[in-house]
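Below is one structure, written out as structure tokens, with a few remarks after it.
No value in this document is a laboratory result; all are computed from the given coordinates. The structure displayed is predicted, hence computed values, not measured ones. Backbone-built Cβ (ideal geometry, glycine too); neighbour counts: all protein chains shown.
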Amino acid sequence: MSEMTRKRNPKAPRQTLPVLAPEERIKSSAEVALGFELEQALIEARRCLDCKNPTCVDACPLHIDIKAFIRPMVEGDFGAAFEVLAEQTPFPGVCGRVCQHELFCEKVCLLGKKLEPVAIGSLERFVADYNLQTQPCLNAPNLKPQGPKIALVGSGPACLIAANDLVRNGYRATVFEALHELGGVLAYGIPNFRLPRAILNREIERLQKMGVEFVTDFIVGKTATLEELFEEGYEAVFVGTGAGLPHFMGIPGENLIGVYTANEFLTRINLMHANEFPAVDTPVRVGKHVVVIGGGNSAMDAARWGRRFGSETTILFRRGRAELRARIEEIEHAEEEGVHFEFLAAPVRLFGDETGAVREMECIRMKLGEPDDSGRPSPVPIPGSEYRIPVDTVVAAIGQSPNPTLQRATPELIAKRGKIVVDATGQTSIPLVFAGGDVVRGGATVIQAMQDGRNAAKAIHLALTEKREAEAGKSIEGTLALEGRQ
Amino acid sequence: MNRILKKRELTPEIAWLEVEAPRIAKHWKPGQFIIIRPDKDSERIPLTLVAGDTTRGSIVMVIQALGKTSRVAVGKQEGEFLADVVGPLGEASAVEKVGQVLCVGGGVGVAELLPVAGAFRAAGNYVTALCGARSAAHIILDAELKQAADEVVWATDDGSTGFHGNVVQFMAAWQASRPALPALAHVIGPIPMMRAAANLTREWGVRTFASLNPVMIDGTGMCGGCRVTVGGKVRFACVEGPEFDAHQVDFDELALRTSAYRPQERQALAEHQCKVGLNS
Ligand SMILES: Cc1cc2nc3c(=O)[nH]c(=O)nc-3n(C[C@H](O)[C@H](O)[C@H](O)COP(=O)(O)OP(=O)(O)OC[C@H]3O[C@@H](n4cnc5c(N)ncnc54)[C@H](O)[C@@H]3O)c2cc1C
Ligand SMILES: Cc1cc2nc3c(=O)[nH]c(=O)nc-3n(C[C@H](O)[C@H](O)[C@H](O)COP(=O)(O)OP(=O)(O)OC[C@H]3O[C@@H](n4cnc5c(N)ncnc54)[C@H](O)[C@@H]3O)c2cc1C
Ligand code: SF4
Ligand code: SF4
Ligand code: FES
């Protein structure tokens, strides 16, 4: 490589991710965004200014030292870049794909003040993919942790990163997951075409190799109580049970056949692989006309699956395009794939046929009014604007609340409107029980869940260290007292 | 992976499986259920916990071969494994001392009745188990029921033994010969049977619980697929049930919702039988 090409060049255009052609995408569940070509990765890495005070690092909830992993990339040393990255996050492949980086690191990237920000997420992904391609065998060390046992409840991003940080600190971490697969929303919510399972599984496998223990089909609060975990020798617990309790629209006809929550629709497909029926056993009903209600990531995912089943798919959203909450990339991909967006409209009621299957939806047009609690303009129905559309499958993607199972079984675990209450360290109302991620925040993002998991791992380490010191102190006092008596 | 410790074929279609699951055995209560996947690519299907033994660290399930997944489960042999078993799920039966309790079960529901009947009896009630089968050859778990309940009586559709008729007809006839109404009734079985039984006990004015069987996936309250309407309110059967006030349940809706995948179920079963046929 010549000196010329190695030079940083911030003025080069921001590289765009190559993607599958929309007509190809809707034929399968293959990944849509293909990742940078090697040449693109070099150009993009060389756009980074290597800032003295890199704002990007503070904005990343994991405080990934972004310029440090980009630096070897500038030289084309992607292996070294992986080493730097792997020290800081076990999930570059996952985060590089699903992190809402436009809200975090890329939002404040200094290059973005004048030009377009560095495509940090895509660079992160490139480094992970490069490692996967060049090192097909996992070479993670088994850390053989011998320290205190810590239980992690749930296997979503919050618990996974907490487990990573804990084993790296010598703790024996066990992850208990209610479902038969690991990953939380990453496994049952986010489709393969956005996050291939091979990527997710490899990053989870790395944790396994490092010594994290995983137990599936285990519901804390049902299969065992929190108290029993302590009795069995776990010294601290982190609860990352997520926000999986689906909201309903509360309109007539909601229990008709063909009306799904996004959770059920996506679980049937992503977790149970209903798209492969009858090769697998779990079916799903996707009719000719699919209408998805909502404007977040789940809505985009459900609608894009609708297109992959060959259906005419509409996203019905009660506000405008500017108020959509999904990752920008997913909105664009949905549009490219032919998802029809109907803004400023909401469902009023559903009509079924004699078999109980949904056939028609009555909608009402909305206009935007004063801002509401979320700071977004509130949707106001326009009286008399009702209209009907044909529909065979309805997916309600209008939000979730925290999973209540553990809270129900553990009354001493204080929650407010379903969300587990924690103090500044992430500790709940029960000593040595910490919580984070969606079960504390309500529906948030992957990277915020990871931030909570990382902080909890630190807090657990601190709490147990203090406990040990206090115990050691006591036993010294005890010995002194004994000696005094003699 | 959970090992099958013991298998009994109650009828050619119904299997009794004792499966290793020490944690579930420790925690389960009558009325609760589990979700299993017989194989790695199976559907998740709910099954009632019929018994549990903490010393053997095992639980018992009774499965009727209906569609593909249950058929695969029934075909499992001793020493083989179920890919997944998770539980105990749902709420336990509301067991109280009320006096006379009538437990009504039809088909494989008779097995599901077993723990509930036992619990009511243990709580000091006089328990009558009123059970229905297609014919004398289809009667299951009679000996076990006799241990669980004070009185066990059978109706068969063909009259080959006991009362000639279905269980709900039997309920009416049985009550006619009694001096007093039961204090409480508990019904488990096919939806038409539960609906008819609930209608009858409503006429009697007898408080009745039904154990509902909507289609489930996760069983943890995450998907909403198991929702049922009870007293005009949406309830999740997997976490708030499966038992509800039978007089408040919208059985029509439940019947429609459980038929949602009928065409796919037929297809899956047909392909399965085709494959099994080819292999043998
Ligand atoms: C369809 C969809 C798409 C999304 N897309 C994006 C995206 O592109 N980018 C982004 O940043 N965010 C996205 N989000 C949000 C993001 O996925 C969540 O914020 C994040 O997964 C929360 O992580 P968590 O670890 O708190 O919990 P979860 O990922 O929800 O995991 C919780 C896990 O705990 C298990 N569990 C629950 N109760 C128990 C119990 N009692 N015992 C044992 N296990 C239990 C659950 O089964 C689950 O597996 C999306 C969400 C959805 C639903
Ligand atoms: C709480 C509960 C407890 C149950 N206990 C027992 C039991 O102890 N023994 C027993 O034999 N059966 C029991 N069932 C019913 C059992 O789950 C179904 O027979 C089984 O799921 C059929 O699956 P299949 O694939 O073989 O049949 P399919 O051909 O797929 O379906 C046949 C019928 O079974 C029902 N069904 C299908 N899939 C599901 C599902 N995922 N969840 C629930 N129902 C479904 C539907 O009504 C369907 O019409 C119970 C159901 C529930 C909800
Ligand atoms: S994890 Fe997210 S916020 Fe952090 S560097 Fe990666 S893309 Fe940016
Ligand atoms: S702020 Fe932007 S340009 Fe500066 S170091 Fe971070 S990524 Fe590079
Ligand atoms: S089975 Fe999913 S919520 Fe009950």
**Report entry** Relative contact order [Cα under 8 Å, 6+ residues apart], region B:169-243, whole percent
**Finding:** 24
Query raised in the report: So which lysines pass the test for B:LYS275, namely a Cα distance under 28 Å, with those fewer than 8 places away in the same chain ruled out?
Result: A:LYS27, B:LYS6, B:LYS7, B:LYS40, B:LYS68, B:LYS76
Query raised in the report: Straight-line reach from A:LYS7: which lysines have a Cα under 25 Å away, not including same-chain ones fewer than 8 places off?
Result: A:LYS52, A:LYS67, A:LYS107, A:LYS113, A:LYS114
**Report entry** Residue exposure sequence - A:VAL32, A:VAL280, B:VAL167 - by fewest surrounding Cβ within 10 Å
**Finding:** A:VAL280, A:VAL32, B:VAL167
Query raised in the report: Relative to the first principal axis of the alpha-carbon coordinates of chain B, what is the inclination of helix B:109-122, with its axis defined by its Cα atoms, in degrees from 0 to 90 and to the nearest 10?
Result: 50
Query raised in the report: So for B:TRP204, B:TRP28, fewest C-beta neighbours within 10 Å to most, what's the order?
Result: B:TRP204, B:TRP28
Query raised in the report: On full extension of the chain, what length is gained from A:GLU75 through A:ARG417, given 0.36 nm per residue of separation minus the C-alpha to C-alpha distance?
Result: 118.0 nm
Query raised in the report: Highest mean first, what order results for B:232-241, A:284-293 on Cβ atoms within 10 Å?
Result: A:284-293, B:232-241
**Report entry** Mean Cβ neighbour count within 10 Å, used as a protection proxy, ranking A:42-54, A:388-400, A:161-173 highest first
**Finding:** A:161-173, A:388-400, A:42-54
Query - Qualifying aspartates and glutamates (Cα of each under 18 Å from Cα of A:LYS367; at least 8 residues distant if same chain) - result: A:GLU323, A:GLU342, A:GLU386
Query raised in the report: So what's the projected area for the protein assembly as shown, the Cα convex hull averaged over all directions, in nm²?
Result: 41.5
Report summary line: chain A: relative contact order from alpha carbon pairs under 8 Å, six or more residues apart, as a whole percent, is 15
Query raised in the report: What order do you get for A:TYR130, A:TYR260, A:TYR188 when you list them from fewest to most C-beta neighbours inside 10 Å?
Result: A:TYR130, A:TYR188, A:TYR260
Report summary line: Taking N as the number of residues in chain B, the ratio of its alpha carbon radius of gyration to 2.2 N^0.38 Å works out to 0.97
Report summary line: Per the rule of 0.36 nm per residue minus the C-alpha distance, extending A:LYS113 to A:GLU342 adds in nm 79.1 nm
Requested in this report: Take every residue in peptide A:253-260, count the Cβ atoms of other chains within 10 Å of its Cβ, and give the average of those counts.
Outcome: 4
Query raised in the report: Using alpha-carbon positions, what is the distance between the centroids of region B:155-231 and region A:141-210, in Å?
Result: 45
